[in-house]
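Just dropping this structure here.
The values are calculated or read from the model by the stated rules, or taken from the named source; none is laboratory data. None of these values were measured; they are calculated from a predicted model. As a convention, Cβ positions derive from the backbone with ideal geometry for all residues, glycine included, and neighbour counts pool all protein chains shown.
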Amino acid sequence: MFIEDKINQLAESFFSEHEGNVYRFLVESLERPLLERVLISTKGNQLEASRILGINRNTLRDKLRKLGIKKQ
């Protein structure tokens, strides 16, 4: 797996630099580019994007609002 390999490569410095916040840091680091990419792929169609991601459309909208991501 690509992501697992990258985490293993960065483990020592990454975990010590972000101790106590590793989970939140990873989620925040991955979530924005993932949501932006899916919205580009769906030409801004949030219903289709939510289906691809496997999350509720309202959950997607909340995440977009919290991250300040505008409709593509």
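Would you say GLU31 is out of contact with any Lys or Arg (no Cβ under 9 Å at 6 or more places or on another chain) and of a type in the set (Asp, Glu)?
no
If you take the residues in the range 9-34 that are loosely packed, with under 10 Cβ neighbours inside 10 Å and of a type outside the set (Gly, Ala, Ser), which one is modelled with the lowest pLDDT?
GLU12
Residue by residue through the range 35-51, note down the ones that are loosely packed, with under 14 Cβ neighbours inside 10 Å, under 24 Å from ILE3 (Cα atoms) and touching a residue at least 12 places away in the same chain (Cβ under 8 Å).
ILE40
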